[in-house]
Amino acid sequence: MSGNNQGTSGQIAGAILVGGRSSRMGQPKHLLQVQGASLLELLVARFRRYFGEVLVVGSSADLSADLSADLNATLLQDCFPGRGPLAGIQAALAAARAGAVLAVGCDMPLAAPEMAGFLDAQGASADVVVPVYRGKPEPLHALYRRSCLPVMERVLSGPSWSILDCFPSLRVQEVPEEVLSRHYPSLERIFFNLNTPADYRRLSDALGRGLKLP
């Protein structure tokens, strides 16, 4: 894949969000085994190629369950437990040494950490830079700056905790699919979402046929 990776080593941290109910999968997604390792281990290893700072964010239960001692990432507990992925992004931004994070859900096994620098360049004055794929924003594969924190904390203290609830109060730069696809032609792969056992079988079958993880 191509793209602008400049600046990711220090100005942007990588944040992997784990947890959630995983009700359709029936087990924690980040512990699913792929090519002899957990999804989380593989994502951390790939993020390490692009970021000097890698954060794994979840509840205390998510972070204590069978995680490798040598994961080579900073483990962070949500500051707003039980309030979904927005709480994970808030915790990552609050703790990161970098001024921005690329936040990715652990159920995107083919995510593109190398997209961070490209998104950063597309929205230099924005609080959030979010890819748009098939007409919808992808907030769990997006760049967030520390300037988002006051709005996120206000939303997390209210009755609804959706990431999208923050967007009206932030400077949001959407990156259209036609722009993304010129630099990242495999968007269907990048934004593949692992939700069900059938999705897991599809991924395992594709890897068995020779698909290589990025």
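Read-outs throughout are calculated quantities, based only on the coordinates presented, and are distinct from any laboratory measurement. Worth saying up front: this structure is predicted, and the values here are computed from it rather than measured. All Cβ positions, even for glycine, are placed from backbone atoms using ideal geometry, and neighbour counts span all protein chains on display.
This table checks each residue for (1) of a type in the set (A, V, I, L, M, F, W, C); (2) under 16 Å from the mean Cα position of the chain (by Cα).
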{"residue": "Q35", "(1), (2)": "no, no"}
{"residue": "V44", "(1), (2)": "yes, yes"}
{"residue": "V57", "(1), (2)": "yes, yes"}
{"residue": "N72", "(1), (2)": "no, no"}
{"residue": "L76", "(1), (2)": "yes, yes"}
{"residue": "G82", "(1), (2)": "no, no"}
{"residue": "G105", "(1), (2)": "no, yes"}
{"residue": "P109", "(1), (2)": "no, yes"}
{"residue": "P113", "(1), (2)": "no, yes"}
So L164 ticks every box in (1) assigned to a helix (DSSP H, G or I); (2) over 17 Å from the mean Cα position of the chain (by Cα); (3) among the aliphatic types (A, V, I, L, M); (4) surrounded by fewer than 17 Cβ atoms within 10 Å (Cβ to Cβ) but one. Which box is left unticked?
(2)
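Kindly indicate which of V129, V151 is farther than 18 Å from V104 by Cβ and in contact with a helix residue (DSSP H, G or I) (Cβ under 6 Å, 6 or more places away or on another chain).
Numbers: V129 fails: farther than 18 Å from V104 by Cβ.
The conditions single out V151.
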